[in-house]
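Peer 1: Once you've had a glance at the structure underneath, I'll fire off some questions.
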Amino acid sequence: MDRIIECVPNFSEGRDLDKIEKIVDSFRGKEGVKLLDYTSDKDHNRSVVTVIGEPEPLRDAMVEAIGKAVELIDMTKHEGQHPRMGCVDVIPFIPIRGVTVEDADRIAKETAAAASEKFGQPFFLYEKSAAAPHRENLAKVRQGQFEGMAEKMKDQEMWKPDFGPDTIHPTGGVTAIGARMPLIAYNINLDTPNVEIAQKIADKIRHVKGGFCYCKAMGVMLEDRGIAQVSMNLTDYTKTAVYTVFETVRMEARRYGVNVLGSEVVGLIPVQAMVDCAEYYLGIENFDPGQVLETRL
């Protein structure tokens, strides 16, 4: 593939494996499309898929996946720890090789146009594709979530969808779609069942509360494990590093007598982000990703 765009759709289903497989099948066996990864979380009740492809084949596969999600996921019955407003909650397109942000933006808009016409799912453009400044931030677009979105969208001047019907799909909700640069979905688990502690820590590191500029964070409860989690999106790892937020969370946790159990990456992570961590923790100077054996294979 000479021209590669990455897409990381988030589906509001993390418990029914049969439904998840049927949705992910939309990306399998398609010429010009490669499924890289998909992970599901029962507590969040959410699945994150990572797929790459040539722009047009990737667009067509994504439209198919949206249709399958609208068919299989009923948002009136959805419960989970992660904020959500639609069966496909968010669809970012990310330029990787031989393409620009403008190319990713075009594919995002073509995807939304086709899917809204076929399935009646409304779409908000966000991030680099946003039609207005108040729609750039996903958290602001999603505010109100599925349950409050129909009421929110009555304000057509502020929240008329960019594509599709003027109100939510009755079971599919509404979807955010757009072009953006790579981000890292990163979670840190704490040895406490007190989600208020996780939220207080999240407030210390998230940008909107005066924390790191390129960090979005919230506290969530992992019911299956009986522990709280600081769940984050790092929107520019070159400016807010993984090790920076990890060490800050660990330091803040000590204030409450809480330890960090470990952390996890959701989806994929750029190798340079891991190199930065190796340099920090191991004291390696001027380490080059080319020194990693697998990158030479």
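Peer 1: With respect to Glu6, is the statement that it is in a strand (DSSP E or B) and in contact (Cβ under 8 Å) with a residue 60 or more places away in the chain true?
Peer 2: Taking the combined requirement at face value, the residue satisfies it.
Peer 1: Only residues that are at pLDDT below 95, over 15 Å from the mean Cα position of the chain (by Cα) and surrounded by 15 or more Cβ atoms within 10 Å (Cβ to Cβ): list them for the stretch 222-236, please.
Peer 2: Listed by number, the list holds a single entry, Leu222.
Peer 1: Being surrounded by fewer than 21 Cβ atoms within 10 Å (Cβ to Cβ) and of a type in the set (Gly, Ala, Ser) narrows it down to one of Gly80, Gly53, so name that one. Step through it out loud before you land on a result.
Peer 2: Details: Gly53 fails: surrounded by fewer than 21 Cβ atoms within 10 Å (Cβ to Cβ).
Answer to the check: Gly80.
Conditions tested, residue by residue: (1) assigned by TED's automatic domain parsing to the domain that holds Leu222; (2) modelled with pLDDT of 95 or more; (3) surrounded by 21 or more Cβ atoms within 10 Å (Cβ to Cβ).
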{"residue": "Asp16", "(1), (2), (3)": "no, yes, no"}
{"residue": "Arg28", "(1), (2), (3)": "no, yes, no"}
{"residue": "Lys42", "(1), (2), (3)": "no, no, no"}
{"residue": "Asp60", "(1), (2), (3)": "no, yes, no"}
{"residue": "Met75", "(1), (2), (3)": "no, yes, yes"}
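Peer 1: OK, next. Filtering the stretch 204-218 down to residues that are crowded, with 18+ Cβ neighbours inside 10 Å and without any contact (Cβ under 8 Å) to a residue 40 or more places away in the chain, which residue is farthest from Val266 (Cα to Cα)?
Peer 2: Only one residue fits best here, namely Gly211.
Peer 1: Quick test for you: out of Ile201, Ile197, Ile188, pick the one residue that is more than 18 Å from the chain's Cα centre (by Cα), surrounded by 14 or more Cβ atoms within 10 Å (Cβ to Cβ), assigned by TED's automatic domain parsing to the domain that holds Thr248 and under 22 Å from Ile269 (Cβ atoms). Show your work before the answer.
Peer 2: Working: Ile197 fails: under 22 Å from Ile269 (Cβ atoms); Ile188 fails: more than 18 Å from the chain's Cα centre (by Cα).
The conditions single out Ile201.
Peer 1: Going by the structure shown, is Thr240 of a type in the set (S, T, N, Q) and under 30 Å from Ala108 (Cα atoms)?
Peer 2: So Thr240 passes the test.
Peer 1: Checking Ala114 against (1) surrounded by fewer than 16 Cβ atoms within 10 Å (Cβ to Cβ); (2) under 18 Å from Thr167 (Cα atoms); (3) out of contact with any strand residue (DSSP E or B) (no Cβ under 7 Å at 6 or more places or on another chain), which single condition isn't satisfied?
Peer 2: (1)
Peer 1: Continuing with this model, one more query. Where in the stretch 20-123 are there strands (runs of 3 or more DSSP E), lying fully within it, with 1 or more residues that are over 27 Å from Glu136 (Cβ atoms) and among the polar types (S, T, N, Q)?
Peer 2: Counting at least 1 such residues, we get 33-41.
Peer 1: Just checking, which of Asp155, Asp103, Asp166 is in contact with a Phe, Trp or Tyr (Cβ under 9 Å, 6 or more places away or on another chain) and not basic (Lys, Arg)?
Peer 2: Being in contact with a Phe, Trp or Tyr (Cβ under 9 Å, 6 or more places away or on another chain) and not basic (Lys, Arg) holds for just one of Asp155, Asp103, Asp166, which is Asp103.
Peer 1: Right, something else. I need the full set of residues from the stretch 33-53 which are under 19 Å from Ile73 (Cα atoms) and acidic (Asp, Glu), in order please.
Peer 2: In the first step, residues of the stretch 33-53 are kept if they are under 19 Å from Ile73 (Cα atoms); the result is 38-49.
Once the filter is applied, which keeps residues that are under 19 Å from Ile73 (Cα atoms) and acidic (Asp, Glu), the stretch 33-53 yields Asp41, Asp43.
Peer 1: Given the criteria outside the structural domain of Ala273 (by TED's automatic domain parsing) and on the phi > 0 side of the Ramachandran plot, does Gln156 qualify?
Peer 2: Judged against the criteria, Gln156 is not a match.
Yes or no, residue by residue, for (1) of a type in the set (A, V, I, L, M, F, W, C); (2) surrounded by fewer than 16 Cβ atoms within 10 Å (Cβ to Cβ):
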position: Cys87; (1), (2): yes, no
position: Pro92; (1), (2): no, no
position: Ala132; (1), (2): yes, yes
position: Ile168; (1), (2): yes, no
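Peer 1: Still on this model: Given the residues Glu110, Glu147, Glu136, which is the only one that is acidic (Asp, Glu), within 20 Å of Met75 (Cα to Cα) and out of contact with any Ser or Thr (no Cβ under 8 Å at 6 or more places or on another chain)? Lay out the reasoning, then the answer.
Peer 2: Values: Glu110 fails: within 20 Å of Met75 (Cα to Cα); Glu136 fails: within 20 Å of Met75 (Cα to Cα).
So the residue among Glu110, Glu147, Glu136 that is acidic (Asp, Glu), within 20 Å of Met75 (Cα to Cα) and out of contact with any Ser or Thr (no Cβ under 8 Å at 6 or more places or on another chain) is Glu147.
Peer 1: Sort out for me the helices (runs of 4 or more DSSP H) sitting completely within the stretch 205-297 that have 2 or more residues that are aromatic (Phe, Trp, Tyr).
Peer 2: Qualifying helices (runs of 4 or more DSSP H): 242-254, 271-282.
Peer 1: Here's another thing I want to ask about it. Return the residues of the stretch 140-155 that are of a type outside the set (Asp, Glu), more than 16 Å from Ser12 (Cβ to Cβ) and surrounded by fewer than 20 Cβ atoms within 10 Å (Cβ to Cβ); say none if nothing qualifies.
Peer 2: Lys140, Gln143, Ala150, Lys152, Lys154
The values are calculated or read from the model by the stated rules, or taken from the named source; none is laboratory data. All values derive from a computational prediction rather than experimental measurement. Because the Cβ atoms are built from the backbone with ideal geometry, glycine has one as well, and the counts that use them run over all protein chains shown.
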